[in-house]
Every structure is written in structure tokens, then in C-alpha cells.
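Q: Structure incoming, see below.
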Amino acid sequence: MSETPVAATRRSRTTNNSNETGLLINVIRSLTSSVSEDQREIEKSRLEKGFKESGILIDRLVKNHQQDVEECLISFRDVSTKISNCRERIHNVRNAIHTCKSLLELRRDDLKKLWLENAQQKSVCEIMAQLEELRESPSKIESLILKENYQEAAAIVTESRELMQGKLSCIEGLSQLATQIERFAKVLIEKINDLLVNMLVVEPFEKHLFNIIRTIPEYKIQQNLYCSSLYEKSKNGFLSNESNKDRIKQSVSALSSLEEGDWDIDRLMMLSKNMIDKMIINSVQVMRVGCNIDENNEGDSSHLKQLMQMLSAQLDSSCLQHNVFANLVEEHIGRKDVASSFWRSAQTAVELVVSEHLDINPLLEKQNVLNNINRKQLFRFDCTACSTSPNVTSSTSHAKVLICKPSAYNIVVIFPILSRLMENIEKQINESPCDLRRFMHSFVMEMFVERVKSNLASRIEEALRGSQNLINNNNNQKNKRILLSCEKVLELCKEVHDLIVSMDLYADRFAALWLLVLTDYYKNMTDIYEKMTPSGGIIDENNVVLATKRQKLSAAWTADDDISRLLMSLPNWTQAKISPTTPAIESEIDVGERNKRESEILIGNLGTQAQNKLMESDLIIDMNDIQMFACLHESLKWFGEQIRELVYCLPAHVKVVLDTCMVQVRLKDGQMIDNKSVPSAIEDCVNRLESIADSCLLLLHIEIRVHCFFHLAPLAKYRNSSANNEVDPEVVALGKDLQQFYNELKDILTGPKISYVFDGLGHLCAAIFIHISQFMPRLTEAAKKRVCRNVWGVQQRLSRITNRREADLDKARAFFDLLLTNDPDGILSIVPEKRSMFTPIELSYLLALSVRSDKILGSQHGALEKRQMQLNSILKSLS
């Protein structure tokens, strides 16, 4: 507690001393600088005075702080003593350190020697432990291989190699152990390769086979070894809980470490290729069992389609695993061709399956035999000791396991599946075209198209061969009107249509075959029509006239462009083409005008000819020919509709392709369809076939009218008959012909076409009766009545056929009734009344026949001319 004021006092003194020191300095400076002695004395006195005052002050202070000074002195002595003791102890320590240093320097060599010995012992222990571990490595590796723990086994092999190639490389006696480890390493590599192949190929394939196995009865499964093993797998669950990606990654890592950077990927891909081939064979076996296919029950193309769909799905699943594997391989060794290698193997396997089901190999073998037939064999080895035994199969042989009978036409059902597969392959490997597409293109273009062409040629020749194939003897009413040859040719066209739809990549090729079928059929139908309507003679294949034959009058008219065009311009021709469900509406006036115009055309062309030259040879008498014309018409019309429907049903993209494909087709007699698109060329062929059909219908229409002229025209001749109550035989024959026509046509032609053939016959017969009246000689009363009965007989027959009254024949009956009830002057008197019923020409015919039939006027000179002038005057006055 006494030290604190001392410290304060000291600080105060220090401050004062500082001030006094400053004063002292100032005084000294004044003394030294001052020149005056007095000044110096003054300063000196001041100094002395200050000195005394200071001395007094010091004494007083010392007296006042005597105790503090003593305490300070005591403390000083204690501190001094302690410092001396410390210096002595430090000196002793320094001496001890010098002593220790000397001792340490003496023991350093001993310690270093001991440390080196310890390090050597430790290294020896480690080497012994590694040797012991290395000695146990083969048994560990073998045990891990048995447990299928390949990754740990690969790690042990890698560690063992590092030891033997590193620290233990200088140790002798490890060669046998190294050989043993390498042997296990090779086994391990094979096991991992097998595991990878199993994950990359087997599991993806079998995953899809399980769906089939579940549908097969168990007793059938047990009959097949592979199916039974697959069934056990499905029950036990063969897939690991780990994801395939992790399992593949572990296997790739293990293989990479085992192969030490020299990884034989090609061997692994070869194993994968062999397994793909094996799994495809197994898939076919499972499919055969699932579809119950064996020696007694053959499969069909639908089973092949199911097989190809399953194979495509299996390859897609395997591709996903191979893509994972390819990415890992690229990371480890930089190889980028794993995916493409897989697809090359897959394409080869698919090609083999497809070629066996398409029956390609026999064709190739036949071609090879033809190619080698002229080659001379230099050496023969079949009798040598090293020749192959018959019981030993070559490495290239492949057991054929088929799902159905091999046929080139199997390509139709599987081509869409193969097309999608080829697109997927080209997308995966970034290569177009792929090998599979080249294979398929070669097969289709070099074999299949030619086979289809030859098959179509033989089948259409068979369909068109002989007349017995022309008429369908089927009792079905619907098919009775269609020619058998037409149905067969349509079947061929449908097959070609299916080929175009299924194999749209080759639509242009098959469309060309379609055109060949149509053109051949058109040529055949043209030949049939020409044989049925010969024009001048029968000509054989060498253009030699075998016999002359008069052309039928209806055929000649049909072939005449002017007459046929004129008849086809009438409304009834258009109505004949209208569907029965939508009948045309035509007024009685229109019907009358149409019948009148047609009768005028026919009478204008046939009236004189029928009167003078018409013979039985001008008619078609055989009703089989009539039936054939009707069948030909309906068949070709039906055929044209079916072909148009097939073209319409083509997919849009196929139509686009065919629209851009220009063709040139040679028809019969050098006719050409030149530079037209395929649909246009098909339409042209259909139109030509329909023109034959139209000619057949027009011919029937004309033929029945020619029969009317043939039978009614002879009625103009005079005949003396006592059978006054009977009609003339010609009327009976006409009725018989009309009934035969109707009986033959009613089950073949449709309603509108039957109407086209028979409607208007009443008007025509009435016109014929009136027209031939100008050629009739003098008629007796009995003859007049007979003519009326003839008209009535025709009317009755037509009414029974058409189910109508046939009122047009009333006009003819009224015509001859006027002749029966009136003399010439009476006829002139009723002209104003009958002017609306008969034309002036018809009235002149009536007046002339009445004058010829009059007993008095018939022999009177100028009687007819006089009354003709009167008739003209009356008609002129009425007009």
C-alpha cells in the first residue's frame, strides 16, 4: 500500500525535475550567452539560491519519506539476491544440457541401428502376411466363383496380380501360384462373359417367352426340356433384385480390371451373337409348343407373324441392355461399336429365320448348282481319311426349326414387322440401308416379284383357260350372274392389292403386276366377245381363216359407232345404269318420246332390211349365247366396281407413290396406254372392260328388237289360212323368243337393265305392225281380223313378261280396227278425229291399205291417188 504514493510522488518529481532541468538549461544558456558580468552574477546568484532551495526541499522530502526509502532498499536487496540465485540455477541447467547432449550424441548410432532393425522386422511381417494372403487367394477366388460373387473375385485377382508384379516380384517360387491365379482369372472372365451375355441377351428374350409359357398347359411344358426349365425360372424368379444397369456396371468394372486394359470385346460380342441365334431357336420352339404345332399340326403364316412380332420385341429389349453396356464400354476402353455389332448379329439371325421361312435357300442352292455345273473339279477329298463324317455336322450348319411351311408368300404377313424393325435398326446404327434391308430388297426384287409374276401368269392362264371356266355353276343367286373366271381374276387382283398394302415400299412393282393381270383379262374378254360376235370369219392363232361366218346384225349395230352412240344417247340407256334402290323418275311423255325416237331409229335402219334381207343367220338363236352376254355384262360391271373399290381403299401414302409412277401398257391389237400414272392406267383398263360390258348390254337390247323385226316383218306377206281364230306362227315364235329371253335374263341382269331390254318393245312392235302395213297386199275380212289377233297376241305375251298392259300396242290394234270397220271414204271422214293418234304417214299407210283391200277401188285406176290428195287436203286444213 505504501508503494502507490511513492510511485505518484516519483511521477510528480519527474515532472518537476523536468521543469527544473529546463530552467537550469535556460540559466546555463543565459550565462554562456550573456556578455555582461553583472548579468552573469545575477544569474549565478539565482542558481545558488535555487540550489539551496532544492537542497532544503530534498532533505524535507527524504525526511518525509524515510520509511519508503528503507522499504525500497530492502526490496532491492531481495530482488538482487533472487536474481543471483536464478543465474546460478541457469548456469547449472546449461551444464546439465551440455551433459545430456554429450550423452545423446553417444547413443544416437545405437538408436538408429535399433530403428532400422525394427523397420526390417515390420516389412518382413507384412511380406509374410501378403504371402499368406496370396497363398489363400486361389481358394477364395474359387469359393467366390462358386457363390457367383464375381466382383469380389475379380478384386482379389487384381490385388494378387499387383502383389506379384509389385512388391513380391523378386520373390522366387511364386510361378505356380501365379499360374493357378491366372487360370482362375480366365475362368472368372468366362463366367463374367456368360453373365453379361445372360443379362444382355437371355433375360430380355426370356422375359417375353414367359408370356407364352403361362398360356401352355403344364403337361405340354414337361414334354419340352427348354420349356420346363423356363417354367421353373418363372416360378422361382430368376431376376436379381438389383437393377440390370447396376449388374452390368459391376460386371463391366470386374472385366475391365481382369483384362487389364486389353479387353477382348470381340469375343464377348461373338458370344452374344451365338446366344442370339440360340435364343431365336428356343423362341421358335416355345412358339411351336404354345401354338400346338408338331408333325401332325402345321402352323400357318399367322403363327409366323406372331413369331416375328415377338422376335422384334425381344430384340428391342436386348437392344436397351446393349445400349447400357455400350455406354459403359465407351467409358472404360473407348469402344463405340458395341451397339452396331449387336445389330449386325441380330440382322444375321433375323435373316436366317426369314430365309428359312421364305424358302430362299433351295433357290440359292439351285442357282449355285447351275453356276457350278460347268466347273471342272481339280481335287476330290470325299474318300480321304480327313473327310468329314456323315454323322458330323459342320460348324456352319443350322438346325431348321420352322413355325410354318416355308413359302415365299410368307413375306407378305411379316414385311410390315420387318419394315419397322429395319427402320429401328437404321435409326440405332445411323446407317441406311442396313444389311437386313439390303437382304430383303434383294429377295423381293430378284425372287419374290418374279415368283409372284410367274404365279399370277399361271393362275390367270388357268382362270381363263377353256369355256367351262366362264360360267359360274354356283347355285347361289348372288353369284349366278358373275363369271367364274371373273371371280378368279378378282381374287388375283385382291392378292396383288394386299401385296401393295402390306409391302408398300414396292407398291410400284406390284402395281405393275396388277396392270398385267388387268390387261391379260381385258385381252381375254375381248377375245371372248369377238368370238361370240365374229366379223366375217373364224381365224386361228396363225391368222388363217378357218371358216366364214356371217356377223350377227345386233353385233354389227353395236360395233357401228354412229348407231351405238345414238342409242346410248337416249334416256333409257342412262336409266339402265341407275341403281335399283334409286330408280329414275321419267314422265309418260318422256317415255313416249324416247320410245318413239328409238322406234324411228330402228325402223329407219331395219325396216327395209327386215323386209328384204333379214335371215335367221342374222339372229342369235342360241340362248346360251344370250345368257353369256348377260353374264359378261354383269361380271365386267361388277369387276370394274370391285377394282375401283380396291384402288379407293389403298392407303394415302401408297396412292401418292403410284400417282408419281408413270407406266406404259400394251393392249390388244397394238393399243397403248402410254405415260399414265398407275391409278389412271388401272382406270383406263377398267373403262375398257366396262366398254365391253356396255356393248353386251346394248347388243342384248338390239338383239331382242331384231327378233321382233324378224318375226313380224313376214306378216306383211299374203297368206291364205282357214284357221281364222288363231294367230300367225311368227307371233307365236316371237312370244316364245321373248319368253326365252326373259327367262335367261331375269336371274342375271338387274331390274333397271331388264327394263332397258324389254321396255319399249310394245311401242316398237306397234310401229312395226303399222310400218309393214304399207307392204301388205289386199286383205280380206278374215285377214284383217287375223292381223288384229296378231297384235293382240303380241300384246298379251309382252304384258305377261313386263306386268304392264303395253298400251302402245292399242294404237296398232286401233289402226287395223279402223281398217276392219271403215271403207276408204269412211277413213277419210274420221281423219280429223284420229289426227292426234296417228301421224300423217301412218294415215297414208292406213288409207292405201284400205284402198288396196276394197274390192272395187282396189282395181280402179287412180282411186288411191285421188284419196291421197283428199287426205293431204284434210291434213293441211287441220294443221
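Q: Going through Ala185, Ala153 one at a time, which residue ends up being outside the structural domain of Ala326 (by TED's automatic domain parsing), touching a helix residue (DSSP H, G or I) at 6+ places or on another chain (Cβ under 8 Å), within 27 Å of Val329 (Cβ to Cβ) and at pLDDT 75 or above?
A: Ala153
Conditions tested, residue by residue: (1) within 42 Å of the chain's Cα centre (by Cα); (2) in contact (Cβ under 8 Å) with a residue 40 or more places away in the chain; (3) part of a helix (DSSP H, G or I).
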| residue | (1), (2), (3) |
| --- | --- |
| Ser617 | no, yes, yes |
| Ile620 | no, yes, no |
| Asn624 | no, no, yes |
| Gln627 | no, yes, yes |
| Ala630 | yes, yes, yes |
| His633 | yes, yes, yes |
| Leu636 | yes, yes, yes |
| Phe639 | yes, yes, yes |
| Glu645 | yes, no, yes |
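Q: Out of all the residues in segment 306-326, is one or more under 17 Å from Ile212 (Cβ atoms), over 27 Å from the mean Cα position of the chain (by Cα), assigned to a helix (DSSP H, G or I) and of a type in the set (S, T, N, Q)?
A: No - not one qualifying residue is present in segment 306-326.
Q: Identify the residue in segment 418-441 that is without any contact (Cβ under 8 Å) to a residue 24 or more places away in the chain and surrounded by 12 or more Cβ atoms within 10 Å (Cβ to Cβ) and, among all such residues, is farthest from Cys319 (Cα to Cα).
A: The residue in question is His441.
Q: Looking at segment 57-102 only, could you name the residues that are closer than 30 Å to Asn26 by Cα and modelled with pLDDT of 90 or more?
A: none
Q: Given (1) surrounded by 14 or more Cβ atoms within 10 Å (Cβ to Cβ); (2) at pLDDT 80 or above; (3) not small (Gly, Ala, Ser), identify the lone condition not met by Asp527.
A: (1)
Q: Being touching a helix residue (DSSP H, G or I) at 6+ places or on another chain (Cβ under 8 Å), without any contact (Cβ under 8 Å) to a residue 40 or more places away in the chain, of a type outside the set (D, E, K, R) and assigned by TED's automatic domain parsing to the domain that holds Leu602 is the requirement here; does Asn822 meet it?
A: Judged against the criteria, Asn822 is a match.
Q: Could I ask something else about it? Mind listing just one residue for me: the one in segment 276-297 that is outside any loop (DSSP other than H, G, I, E, B) and among the aliphatic types (A, V, I, L, M) and, of those, farthest from the chain's Cα centre (by Cα)?
A: Per the stated criteria, the residue is Val289.
Q: OK, next. Of everything in segment 747-797, what is of a type in the set (Val, Ile, Thr) and in a helix (DSSP H, G or I)? Give them in sequence order.
A: Ile754, Val757, Ile768, Ile770, Ile772, Val787, Val791, Val794
Q: Just to be sure, is Gln314 at pLDDT 90 or above and surrounded by fewer than 20 Cβ atoms within 10 Å (Cβ to Cβ)?
A: Taking the combined requirement at face value, the residue does not satisfy it.
Q: For residues that are among the charged types (D, E, K, R) and in contact with a Pro (Cβ under 9 Å, 6 or more places away or on another chain), scanning just segment 579-592, find the one that is modelled with the highest pLDDT.
A: Asp590
Q: Name the one entry in Thr821, Thr750 that is loosely packed, with under 15 Cβ neighbours inside 10 Å and among the polar types (S, T, N, Q).
A: Unique residue meeting the criteria: Thr821.
Q: Counting only residues that are touching a residue at least 40 places away in the same chain (Cβ under 8 Å), touching an Asp or Glu at 6+ places or on another chain (Cβ under 8 Å) and surrounded by fewer than 19 Cβ atoms within 10 Å (Cβ to Cβ), how many does segment 794-808 have?
A: Number of matching residues: 1.
Q: Follow-up. Hey, any hits in segment 559-578 for a residue that's at pLDDT below 75 and within 19 Å of His763 (Cβ to Cβ)?
A: Checking segment 559-578: not a single residue is at pLDDT below 75 and within 19 Å of His763 (Cβ to Cβ).
Per-residue answers, yes or no, for (1) buried (at least 19 other Cβ atoms within 10 Å of the Cβ); (2) closer than 20 Å to Glu423 by Cβ:
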{"position": "Ser283", "(1), (2)": "yes, no"}
{"position": "Asn297", "(1), (2)": "no, no"}
{"position": "Ser301", "(1), (2)": "no, no"}
{"position": "Cys319", "(1), (2)": "yes, yes"}
{"position": "Glu330", "(1), (2)": "no, no"}
{"position": "Ile333", "(1), (2)": "no, no"}
{"position": "Trp343", "(1), (2)": "yes, yes"}
{"position": "Ala349", "(1), (2)": "yes, yes"}
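Q: Considering every residue within segment 378-401, establish whether at least one is of a type in the set (Val, Ile, Thr), modelled with pLDDT of 70 or more and surrounded by 16 or more Cβ atoms within 10 Å (Cβ to Cβ).
A: No, segment 378-401 contains no residue that is of a type in the set (Val, Ile, Thr), modelled with pLDDT of 70 or more and surrounded by 16 or more Cβ atoms within 10 Å (Cβ to Cβ).
Q: Within segment 727-746, how many residues turn out to be buried (at least 16 other Cβ atoms within 10 Å of the Cβ) and either among the aromatic types (Phe, Trp, Tyr) or not in a helix (DSSP H, G or I) (or both)?
A: 4
Residues checked against (1) under 22 Å from Glu152 (Cβ atoms); (2) modelled with pLDDT under 85; (3) loosely packed, with under 13 Cβ neighbours inside 10 Å; (4) not assigned by TED's automatic domain parsing to the domain that holds Gly290:
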{"residue": "Ile189", "(1), (2), (3), (4)": "yes, yes, no, no"}
{"residue": "Val202", "(1), (2), (3), (4)": "no, no, no, no"}
{"residue": "Lys207", "(1), (2), (3), (4)": "no, no, no, no"}
{"residue": "Asn224", "(1), (2), (3), (4)": "no, yes, no, no"}
{"residue": "Leu230", "(1), (2), (3), (4)": "no, yes, no, no"}
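The values are calculated or read from the model by the stated rules, or taken from the named source; none is laboratory data. Please read these numbers as outputs of a predicted model, since none were measured by experiment. Don't worry about glycine lacking a Cβ; one is built from the backbone with ideal geometry, like all the others, and counts go over all protein chains shown.
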